[in-house]
């Protein structure tokens with residue numbers, strides 16, 4: 001590597017952030033870039049391990065030590081080439097990935113791991129600044145047409161790869177702009193939307209067509225798409241949220257998290273968000289805002305954290321976050337050995353901005369006033385039984401802990417159960433697995449309908465953006481093989497640097 005003793009000389013250093021008081025005044029990203037010296041030092045910490053476990057930790061199989069070496073030596077075009085040989089969208093993963101690669105970093109056994117995610121973000125942004133990022137147009141077209149349904153990270157990755165292979169690609173998106181979860185699920189303070197627009201513009205220049213307001217199975221016929229295309233890829237994501245069906249669920253003030261986040265992202269983008277239909281009810285939804293309200297977020301994951309940051313910026317009176325599970329440990333335990341991804345306590349930048357976090361709490365009832373508005377929650381503490389392997393097994397309620405707390409807005413952020421069946425999937429009569437996801441093997445990505453494939457959360461269930469991109473890339477290779485008999489597209493198991501088609 002660039003500096004063999006770098007890991008001994010430099011410690012892990014994260015980029016500087018704007019103060020909490022400052023960043024709560026806006027929705028822009030607030031992390032500052034590294035200085036040239038800082039970036040050089042952080043890349044120098046990579047150890048040139050005999051076995052780089054970070055490769056396996058990354059769902060994309062990113063070639064991490066090699067791009068770290070290129071960064072240390074200031075070879076930016078080489079670093080960009082290495083990074084994008086396995087990752088179509090490092091500007092997304094460099095901002096919002098939980099970095100399982102860092103959990104597998106060998107240095108992380110007894111020191112803080114290399115800041116792989118931050119280095120990745122710096123590589124792609126420097127590449128854009130230096131005009132290394134140019135449209136990647138195929139030399140010839142195959143004459144085959146492929147429809148991608150859904151423009152989230154898996155759909156975009158599938159589209160990009162199939163376009164590189166020379167196929168004509170059309171992406172159908174039911175919303176008004178591409179990105180899926182990236183655009184309307186993740187707040188701008190984590191991922192500003194110009195980052196997505198920049199990539200979509202590049203993909204359009206490469207020859208990919210995007211059709212918006214195209215809700216396949218509703219206002220677009222799937223039969224027409226099947227008739228007009230040689231292959232179809234279902235990449236609609238996992239969109240049906242897990243509900244909490246307890247007394248008072250119908251009260252005004254109890255909502256799923258995603259409509260709250262989507263409304264705010266549209267508000268930031270100065271788009272109309274009022275009175276749009278949502279999956280949580282058959283009525284039209286009015287404006288959702290946390291301003292001057294006691295807000296409770298039920299769910300301790302990333303979506304819940306995003307609600308915390310958004311509610312703080314909207315001026316909530318109080319913000320409380322409940323998690324059903326017991327509080328995780330701060331460090332790895334014997335049952336979370338390196339290099340596995342550890343289920344340890346995660347404190348996000350949104351948590352740092354202000355929230356009351358509670359673990360092992362169950363919500364028993366939503367309590368309303370005489371007008372049908374939410375005014376309080378009835379909650380109870382839980383006592384968990386832990387197995388010998390250190391995993392929570394079951395719980396009992398602590399009866400003496402039952403109490404009511406004031407609350408005017410509840411956001412349910414408990415994850416997603418499966419893709420929407422009504423419409424497209426029902427019309428296709430597609431096979432589903434036992435969890436309600438589209439059934440397809442991880443070897444072929446092919447459904448029970450020969451020319452229909454699937455990728456991302458629609459196939460594997462709710463997961464990470466980096467997994468969605470990986471799924472899209474692998475699915476694209478299988479579609480290419482289906483159409484052409486063979487494929488030159490790289491896969492995670494057989495990565496090829498600098499493939500030119």
- Message: I need to check one value: relative contact order of the stretch 6-129, counting alpha carbon pairs closer than 8 Å and at least 6 residues apart, in percent.
- Response: 27
- Item | Cα-based shape type of the stretch 383-492, given that a ≥ b ≥ c are square roots of the gyration tensor eigenvalues and the cut on a/c is 1.5 | prolate
- Item | Relative contact order of the chain, pairs being alpha-carbon contacts under 8 Å that are 6 or more residues apart, as % | 17
- Message: Distance between the C-alpha centers of the stretch 333-395 and the stretch 154-214? Whole Å please.
- Response: 35
- Most exposed first by the Cβ proxy, i.e. fewest other Cβ within 10 Å, how do 484, 414 rank? 484, 414
- Of the beta bridges DSSP finds with both residues in the chain, what % are antiparallel, to the nearest 5? 40
- Note on the structure: Ordered by fewest other Cβ atoms within 10 Å, a rough proxy for footprinting exposure, 329, 470, 487 read 329, 487, 470
- Normalising by the residue count of the stretch 243-414, find the relative contact order in percent from Cα pairs under 8 Å and 6+ residues apart. 28
- Message: To check you understand DSSP bridge types, tell me what percent of the beta bridges within the stretch 243-414 (both residues inside) are antiparallel, rounded to 5.
- Response: 50
- Message: What number does the stretch 243-414 give for Rg over Rh if you use C-alpha atoms and the Kirkwood radius?
- Response: 1.00
- What Kirkwood radius, in Å to one decimal, follows from the Cα pairs of the chain? 24.1
- Two-site FRET efficiency, residue 450 against residue 201, from Cβ-Cβ distance with R₀ of 30 Å, rounded to 0.05: 0.30
- Item | Residue list for the stretch 373-392, given a label point 7 angstrom along the Cα-to-Cβ vector of residue 402 and an amide N cut-off under 16 Å | 377-383
- Query: residue 36 versus residue 8, label points 7 Å from Cα toward the beta carbon: distance in nm?
  - Reply: 2.8
- Task: For the stretch 6-129, count all C-alpha to C-alpha pairs, find those more than 22 Å apart, and express that count as a whole percent of the total.
- Result: 32
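Here, each number is a calculation from the coordinates, and none is a lab measurement. Note that this is a predicted model, so its numbers are computed, not measured. Glycine also receives a Cβ, built like all others from the backbone with ideal geometry; neighbour counts cover every protein chain displayed.
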